[in-house]
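Worksheet: one structure, shown below.
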Amino acid sequence: MRVTRLLVYVAAAALALFYVYPIANMVFEGFDIDLSSIYAPGFRLIGGVPYYSGGITPSLTYYMDMFRVQGFQRLITNSLVIGTVSALIATVLALLSSYQLTFGSRFLGRNMDYLMLVMRSAPPFVYLLPFLIIAVNVGLWDTQAGLTLAYTSLNIPLAYLLVRSLLRDFPKELVEVAELMGAPATAVLRRVILPLALPGLAVIWTFLFVVTWNEFLLASILTGPDARTVSVGVWAGVGEQIGTFRTVEFEAQAAAGTIAMIVPLLITLYLRRRLARLFSLRV
C-alpha cells in the first residue's frame, strides 16, 4: 500500500509539474528570469552565433512597459468591452427564457435543455464559417460589435443551462403565491426572482466573461488589428509589433501573457465553489 501511495504521489507531482511549468516559465520570463540557466546553462550556437542561454536578472521593466504600450492597452480594452457586453446579453436572455420554461411549460423546458446541451457540445468550428460569412457581408468583420454578437450567440446555450440550474433550486412557492395575488410575469421576475437570484446571476455573468476572455479561435478569424482581443494579441506579438515584421521580444510577450492570465485566474479561484454548484446540471 505504501508503494502504491508513493507512486500515486509521484505521478500527481509529475502531472502538476507538467501543467505548472509553462505558466511558471512565462511568469519568470516576464521578470527577465530565464529558467533554462538551471537545467541548461552556458552558451548555445544559433545559426553559428554564440548565444548566452539563461540568466537571472530580475526586473519589472517588461511588466511596466505593457501598461505604457498603446497596442496592449487596446487589446485589454477590446477584451473588456466584448467580454462584458456579450456575457451580459447572454445572461439576460438566458434569464428571460429560463424563467418561462422553469415556472411555465415544464415539458417544453426539458426539450429545450437537451437542445441547448447539444448546441453547446458542438465544436466552435461548426459556427466559424457562418459567423465569418455574416460578419463580412454586413460589415462587422474586425469590429467589437461583430465579435460581441458572435460570442453572445455562442454563450447563450451555456448561459441558459447555468440559469436553468440556478432557477431549479428557487422556491417555487414564492412564484406561485405572487401569481395567485395577480402579479404579472414581469413583476414576479423583477421583484421575486431577481433579488434572490442576483448573486448566482453575477457568478454566471463572471464565468461567461472569463470564457469570452480566454477564447482564441473566433477572435483570431473574426478580427484584424482594430478589434483584436488580448488572447490573440499576446499570441501574435504585443504592442506596436502587431501587424508588422518587427522582432518579437519574448520577455515582453511573456509579461503580456502573465497580465492577461491574471484576470481569469483570480476570478476562477474566487468563484470556484459557486461554479462547481452551478455546473451540477440536472438535465
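The values are calculated or read from the model by the stated rules, or taken from the named source; none is laboratory data. These numbers were taken from a predicted model, which means no experiment stands behind them. As a convention, Cβ positions derive from the backbone with ideal geometry for all residues, glycine included, and neighbour counts pool all protein chains shown.
Which of the residues that make up the stretch 131-184 are free of Cβ contacts under 8 Å to residues at least 12 places away in the same chain and not aliphatic (A, V, I, L, M)?
Asn137, Gly139, Asp169, Pro171, Glu173, Glu176, Glu179, Gly182, Pro184
Do the conditions hold for Val177, that is, is it of a type outside the set (Phe, Trp, Tyr), in the same structural domain as Arg110 (by TED's automatic domain parsing), buried (at least 20 other Cβ atoms within 10 Å of the Cβ) and in a helix (DSSP H, G or I)?
Values: of a type outside the set (Phe, Trp, Tyr): yes; in the same structural domain as Arg110 (by TED's automatic domain parsing): yes; buried (at least 20 other Cβ atoms within 10 Å of the Cβ): no; in a helix (DSSP H, G or I): yes.
Criteria not met by Val177.
Of the residues Gly30, Gly54, only one is of a type in the set (Gly, Ala, Ser), outside the structural domain of Ala145 (by TED's automatic domain parsing) and modelled with pLDDT of 65 or more; which?
Answer to the check: Gly30.
Considering only residues that are of a type outside the set (A, V, I, L, M, F, W, C), surrounded by fewer than 16 Cβ atoms within 10 Å (Cβ to Cβ) and either under 22 Å from Ala94 (Cβ atoms) or in contact with a strand residue (DSSP E or B) (Cβ under 7 Å, 6 or more places away or on another chain) (or both), which ones fall in the stretch 121-152?
Of the residues in the stretch 121-152, the ones of a type outside the set (A, V, I, L, M, F, W, C) are 121, 123-124, 127, 130, 137, 139, 142-144, 146, 148, 151-152.
This time we only want the ones that are surrounded by fewer than 16 Cβ atoms within 10 Å (Cβ to Cβ), so: 121, 123-124, 130, 137, 139.
Those that are of a type outside the set (A, V, I, L, M, F, W, C), surrounded by fewer than 16 Cβ atoms within 10 Å (Cβ to Cβ) and either under 22 Å from Ala94 (Cβ atoms) or in contact with a strand residue (DSSP E or B) (Cβ under 7 Å, 6 or more places away or on another chain) (or both): Ser121, Pro123, Pro124, Pro130.
Please pick out the residue among Leu154, Leu174, Leu167 that is closer than 17 Å to Ser97 by Cα and over 18 Å from the mean Cα position of the chain (by Cα).
When all the criteria are applied, what remains is Leu167.
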